[in-house]
Every structure is written in structure tokens, then in C-alpha cells.
1. Given the structure, is A:Val291 of a type outside the set (D, E, K, R) and within 22 Å of A:Pro321 (Cβ to Cβ)?
2. In segment A:92-126, how many residues are under 25 Å from A:Phe52 (Cα atoms) and either away from every other protein chain (no Cβ under 12 Å) or surrounded by fewer than 21 Cβ atoms within 10 Å (Cβ to Cβ) (or both)?
3. Find the residue count for segment A:61-91, including only residues that are facing chain B (nearest Cβ under 10 Å), farther than 17 Å from A:Leu157 by Cα and hydrophobic (A, V, I, L, M, F, W, C).
4. Among the helices (runs of 4 or more DSSP H) confined wholly to segment B:196-289, which include 3 or more residues that are under 18 Å from B:Leu82 (Cβ atoms) and assigned by TED's automatic domain parsing to the domain that holds B:Ala109?
5. Only residues in segment A:30-42 that are more than 18 Å from A:Asp202 (Cα to Cα) count as the first member; pair them with residues that are charged (D, E, K, R) and within 13 Å of ligand 1 (Cβ to nearest atom), Cβ under 7 angstrom, at least 6 apart or cross-chain, and list the lot.
6. Suppose we filter B:Arg308, B:Arg300, B:Arg214 for residues that are surrounded by fewer than 21 Cβ atoms within 10 Å (Cβ to Cβ), among the basic types (Lys, Arg) and at pLDDT below 90; which single one remains?
7. Please pick out the residue among A:Lys28, A:Lys11 that is within 13 Å of ligand 1 (Cβ to nearest atom) and touching a Leu at 6+ places or on another chain (Cβ under 9 Å).
8. Got a sec? Which of A:Arg129, A:Arg141 is of a type in the set (D, E, K, R), more than 16 Å from ligand 1 (Cβ to nearest atom) and more than 21 Å from A:His192 (Cα to Cα)?
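The values are calculated or read from the model by the stated rules, or taken from the named source; none is laboratory data. Just so you know, these numbers come straight off a predicted model, no measurement behind them. Here the Cβ positions follow ideal geometry from the backbone for every residue, glycine too, while neighbour counts run over all protein chains shown.
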Amino acid sequence: MSHLVIDNVSKSFGELPVLRGCSLSVEKGSVLTLLGPSGCGKTTLLRTIAGFITPDAGRIVVQGNDISDMPPNRREVGYVFQNYALFPHLTIAANVAYGLKVRRTSRAEVARRVEDALRLVDLSTFADRYPAQLSGGQQQRVAIARSLVLEPSVLLLDEPFNALDARLRLTMQIELRKLIQRVGITSIFVTHDQMEAMTLSDTVAVMHKGVVEQFGSPLDIYDRPRTAYVANFIGRANVIPGEVANGHFDDPARIATQAPAGPAVLVVRPENVTVEPATAGDAAPGWPGTVTFTTALGPTVEYEIDCGWPEPLRAIAPRSPGRPQAGPGDRVVARIADPAAAVVLRRQDGAHVH
Amino acid sequence: MSTEALRPPPSRPLSPRRGAWMRPLVGGGLWPAVPAVAYLLVFMVLPIGTLLLFGFVTIERGRIVGDSFTLEPMLRALSDPLVWRLMWRSFWVAAASTVLCLLLAYPVAFAYGSLRGVWRTLLLVAIVSPLLTSALVRTYAWLVILGGRRGILNQSLIWLGVIDEPLRILNTDWAVLIGMTQIHLPFMILPLLAVLSERDRRLEEASLNLGASRTATFFKVIVPMSIPAIFAGLALVFAVSYTNFIIPQLLGGGNYSTLAVQVYEQTIVVLDWTRGAVLATLLLSTCFLFVLAIVSLGSRLSRWNEVRR
Ligand SMILES: Nc1ncnc2c1ncn2[C@@H]1O[C@H](COP(=O)(O)OP(=O)(O)OP(=O)(O)O)[C@@H](O)[C@H]1O
Ligand SMILES: [Mg+2]
């Protein structure tokens, strides 16, 4: 039994359905990342778990107990707010001590734990300041410390690092990850940053318009996206329209697939596309096209190739100074390097095809 | 580099003690207030100053006797135990009614924040409507309600069987307290309303999330955050209650008097302008001191507010 189970949770605000049958489960002490575009319902889902929103349908289960009807102050679910929500009338130390004092922890212990928590987020010297005297990133760290100091069994973090600079972000990610492992906190992060999702989490859930589109390990989602939307949200992907017939995608590479016959899309990562100059009498199947744009990034070069589809085909190839490189206007043939790594998906009406 | 150098500088003190009064002028913050200040100087400070001056000069047949500055009337008033009794009554009636106002106003302002749409508008209209009728009319209405045997209150209570004999409320401290509290209630509700209805609900959610009960959240988050509004209301209501003379005069009865009532009687009825002006000086200066005390207690309790950006 997973530590935290979200079972078929739905929520509408008036006519607007914001969560539509979301189901997730998180193992004890592991980290789940919620990824999704702005407005897809990530914050709403976290608020439902914390108890600020009552779902219209579905259950929230922690350690086998249904907590759906429990008031928020009894849930022991830490929440780091997207806008920090620090108490402006309390100093940083008092903000962090708030939850401990409410629990009638002894004075000495409050002092000790607050000090530890502030040291963890590197804000010991700011203990006596007020939140308004701190930068956004510092406030964010106070918000994290304020929840962590209570060592909750479940911790929800709504974009906890978005105000931090790259270096501090990395340090905080690592420190938080260590702490979560040590204490065994089951946590859910919300993030827009796909790199953060890959580095931080054991599992990733990709949300789209209130639905969990895919839920699995980061690499699983990267390698086997279930929808074109997921493929494009996690990393970049070429989504090539076509047809499936006789167990094959109707395309030069004729990739075998289990997908049923009918309209389909082929999802190919740019790094799985090779680019070669078009030469007469070339037998191997490929997509002929014209290079429209190149970006050299040091170790790799990125091509945009017009193959007659609405969207250009993207390819990433290794680059080295000695090697000849196609330029804009060149006729080339693009091929799939590893057919096994390409994914064929049924084309659904309304599915996003880029 | 030593680690000492890496430390952030210590927190800056919340209120810079020196030169602070100059700052609003330097920053241009006060300039927009200049027209209002000029207006007040000409049409309020000047007439009041003139009036107060009457307490320190000799007046003969409606004319100031030139060069006759005297402290005698003021010293006489200060050594008069009656004046001290009046001042004490003015103070405690105003203080009690101010506290009552706060206790009644806070729940109303709090409820306003959770109402929506047409109910919110209706409540707002109900709150401000007393301000649309004259205080005199409202005070007379209380006369009808509280008045003797045939007052509405006593008749209802007797009819309901709660009491046998009519309560003697009119012409007591109670009547003054009741009237004053009702009439000044909007002055307490309005500042609270603005702050409580615009408050950030996420702070309450954060408090609940950290394990505090709703009651604890109310006293540890909502009330502290509304301290500035609470004290604004306290100062306002205390000032208008302390200086009101209509309510004590009408609801307290003929023998009931406060400092404000005496100022009125001396200047309008007895026509002893010197004594009236002396009492007015005492009324204004003590009122100013009390309000100052309220305001400075309020800002001490909300020093965090100074750092808000
Ligand atoms: N209290 C509310 N009343 C009405 N609509 C709401 C409410 N809260 C959220 N919504 C709507 O629900 C949808 C999802 O909002 P939510 O805050 O969960 O998005 P999000 O995924 O967290 O986005 P972001 O990444 O921008 O924070 C949005 O369309 C929003 O307008
Ligand atoms: Mg959000």
C-alpha cells in the first residue's frame, strides 16, 4: 500500500472542471513531481491534499486512512505555498517556530529546532528580521523551513525553488532531497522545470487540463510517452502525422507497432534523428527535406528541416570542428537512428499534435 | 576573506529615532497634503485657537481687555474637584463605549469579509446608514426606546413578562453608554472592514496547515494583522465619544454632566466664555493625550508594519 494515495479526485469551480478524475500514488519517503502547464490544476490538487479544498468526488488516503473529511489543521500534511504565505507580523524565527508553538513544544526544543531549520536553509543570521525585509528567494527558504521543522509525514511544495538562482536552486534541491530521504518524508513537488523534475523525483506525473496524462518514472516517461502532449512536455519531440496499417507506421522507416490501424502519430526525439546529405540512388528509407535553420551549441548542432509538414523536423547531431555540417538551404535526408526508441501513438481527435 | 565579512549586516532598526519626522517632507510624501493642511489651519486651528485664547484673557462686555493675559481661570478650574469628576466621567464613559464598540464591531467586520454579492452590499448599507441621519435624531430615538414606563424597551419587557417593574435606564450611565456605543459603532466598523475584508486568506490557510486550530488562527494571525485598524478605530471612537455632549445631555438627563456638556453649557447657556474656553482647553488637550496614547500603543503593537514594502 502506498503511503499517499489520491484516488479519482475531481473538482469543479462552478462550471469549470479543474480536476478530472486524478489518481496518483506515492511511496513512503519518495518524491513525486507534478509537471504541467500553467492553469492545469497543480495547485488545486495540492490544495485538495492539504484540505483547503473539498473535492467533489474521490478520496485522499494517507497510510491507509481516508483523510478526505479531516480539517486541514489535523492532517499533518506540510504545505509550502506558491507565494510563501509568511506571517508578516512575525520574525523569521517566529514564523518557523509557529507550528512548534502551536503543538506546545518546550521552549528549549523550539529554539533548538528553529535554529537547525534556519541553518539548513542558510538563513541563521536573518532570524530576527521580518519577512518584508527578505528577498523573494530568502522568503521561499523560510517557507520551506517553516514546514520542514515539523517533519510532516507528507510534504507538498508548490514551485518551491522558482525564486532561487541556479546555484542556490541546485544546493537546495540536493539538501532537500537528502533531508527527505533521512526523515522519510513523502513529498509532492510542483514544478515547471523539467530538469528539476528529472533530477529530484522518483516518479513524475504529467498533468494536462485537470487530467493526469501519464504517471511513471522520469526515464519511463521520457522514453515511452503515452501521449503526444507528454512527449512534448518532457523533453522535445517530433510528432509526425501518418497512418498505421498492417502493424506498421506508413513511413519510410516502416516502424512496427502494436497500435491499431488508423490515423497515428510517430514520436521521435531530436537526438534520434540523423541527418545526411541527399545523394542520388540512396536506398535506405528516410525523409527528404531542406535545412531551414541550424544552431550550433558546442558539442551538438541542432537542425530544423522542412519535410513538407506543418512543423519543421528537429534533429540534434554531434558536432566536431573537422566534420562537415549541413547549412540552410542544403538538401538532406533525415532518418531514424533507432526505430525501437521511436513511439507510435494513436492520433486522437483533439490530441495535441505539434 | 574571513567568514565575518560574509555575514549580512545586522538588521536595521525598525524606527530610525533621529530625523524621522523630516523624512516624509524630504521624500515629497507630505506635499499632496498641503491644501488640506492649509484649509485646516485657516478654518479649524485658527478659530479653535481664538476660542481657547478666551480662557486666558479678561473679557469685559464682549471685548478682550488688551494686555490681560492671565492663568487665573485655568488654575481655578484645575483646583476645582468638580472639573476632575467631570473629566473622570467623560473618560470612563468614552473608554467603556469604545471598548464595547470594538467588541460589537469586530464580528460584524469579520462577517462582512465572508459575505458575497448582494448580501455584502446590504450589510455595508446597514453599517453606514446611521451616518446618514443626524446624531440628534438618533439620540431622540433612544429617548423613545429607553424612556420611562412607556418606553418601547420597558413595555416590551413587561409584556414579555421578563420584568414586573420598568427598568430605570434613561438618565443613567447605562443610557449614555448604550446610545454612545450605537451611534459611534460605524466609526469602529469602517476601518476594521477595510482591513478584514481585504486580508490574505492564504495566511490563515498557512496557520491551519501548521496545525493551529481556527480559534488559534483567529487570535494569532487575524487579530494581530488587524491591530493597525483596531487602534485607528479605537482612537477615532474614543475622540468622538469623549467630546460628545448631545448624548450625555439627552440620555443622561438634566443632572448628568460631563466635561463636554459643561463646555456647551458654559458657552451657550451660562455665557461664561472664559470658563467655557478653559474647560474646552482641558477637553481638547486631554483628548489629544488619550488619542496619542492609543495611537502609540497601537504602533508599538504593530512595529512589523513599519517594514512593509
Ligand atoms: N478558487 C477558484 N475559483 C475559481 N477558479 C479557480 C480557483 N482556483 C483555481 N481556479 C482555476 O482552476 C484552474 C487551475 O488552477 P491552478 O491554480 O490549480 O493551476 P496551476 O496548475 O497551479 O497553475 P500555475 O502553474 O500557473 O500555478 C485555473 O484555470 C484557475 O483559473
Ligand atoms: Mg499553481
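1. Working: of a type outside the set (D, E, K, R): yes; within 22 Å of A:Pro321 (Cβ to Cβ): yes.
So A:Val291 fits the description; yes.
2. Step one: list which residues in segment A:92-126 are under 25 Å from A:Phe52 (Cα atoms), which gives A:92, A:94-104.
Applying the additional criterion that residues be either away from every other protein chain (no Cβ under 12 Å) or surrounded by fewer than 21 Cβ atoms within 10 Å (Cβ to Cβ) (or both) yields A:94, A:101-104.
Counting residues in segment A:92-126 that are under 25 Å from A:Phe52 (Cα atoms) and either away from every other protein chain (no Cβ under 12 Å) or surrounded by fewer than 21 Cβ atoms within 10 Å (Cβ to Cβ) (or both) gives 5.
3. Of the residues in segment A:61-91, 2 are facing chain B (nearest Cβ under 10 Å), farther than 17 Å from A:Leu157 by Cα and hydrophobic (A, V, I, L, M, F, W, C).
4. Working: elements: B:201-209, B:214-217, B:227-243, B:246-252, B:259-264.
In segment B:196-289, B:246-252, B:259-264 are the helices (runs of 4 or more DSSP H) which contain 3 or more residues that are under 18 Å from B:Leu82 (Cβ atoms) and assigned by TED's automatic domain parsing to the domain that holds B:Ala109.
5. Hits for this filter: A:Cys40/A:Lys209.
6. Values: B:Arg300 fails: at pLDDT below 90; B:Arg214 fails: at pLDDT below 90.
Of B:Arg308, B:Arg300, B:Arg214, the one residue that is surrounded by fewer than 21 Cβ atoms within 10 Å (Cβ to Cβ), among the basic types (Lys, Arg) and at pLDDT below 90 is B:Arg308.
7. A:Lys11
8. Values: A:Arg141 fails: more than 21 Å from A:His192 (Cα to Cα).
Every option except A:Arg129 fails the conditions.
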